[in-house]
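Trainee: Have a look at this one before I ask anything.
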Amino acid sequence: QVQLVESGGGLVQPGGSLRLSCVVSGINFSAYTMGWYRQHPGKQRERVAQITFGRTINYADSVKGRFTISRDNAKNTVYLQMNNLKAEDTALYYCRAGSDFYPYWGRGTQVTVSS
């Protein structure tokens, strides 16, 4: 059974930082492209960052220079370091393994940026 479990969300003030983690089980983690996505209320889920099995990385324009994705294959974990958070980063953040055609999703962790 494939499981992706996100953690690290919470309430933070604008300009603050959070580090999200996603622990994966049930798949050969090192062979999978991993991504972080977020969903604002009433909007479609959007990709925030992606790291391939070869460690090629892509970011959404809205987070470039502020967010950093990384992976630790020994721990089956992908991370999202989020710095200089803004109110518009408030969303439910999801971890995904795989491709658009065959994705595995976590249940999400809420990030709220507010003073």
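The values are calculated or read from the model by the stated rules, or taken from the named source; none is laboratory data. No experiment lies behind these values; they were computed from the predicted model shown. Quick reminder, even Gly has a Cβ in these numbers, built from the backbone with ideal geometry, and neighbours come from all protein chains shown. Only protein heavy atoms, including side chains, enter the accessible area calculation; ligands, DNA and RNA are left aside. Shrake-Rupley method; radii C 1.70, N 1.55, O 1.52, S 1.80 Å.
Trainee: What residue, among those in region 13-62 that are within 16 Å of Asp89 (Cβ to Cβ) and hydroxyl-bearing (Ser, Thr, Tyr), is least open to solvent (accessible area, probe 1.4 Å)?
Mentor: Tyr37
Trainee: So which residues in region 63-115 are touching a residue at least 12 places away in the same chain (Cβ under 8 Å), surrounded by fewer than 17 Cβ atoms within 10 Å (Cβ to Cβ) and among the hydrophobic types (A, V, I, L, M, F, W, C), if there are any at all?
Mentor: Listed by number, the residues that qualify are Ala87, Trp105.
Trainee: Still on this model: Would you list the strands (runs of 3 or more DSSP E) that sit entirely within region 1-72 and hold 2 or more residues that are among the small types (Gly, Ala, Ser)? Before you say what the answer is, go through the steps one by one.
Mentor: Working: elements: 3-7, 10-12, 18-25, 34-39, 46-51, 57-59, 67-72.
Fully inside region 1-72 and qualifying: 18-25.
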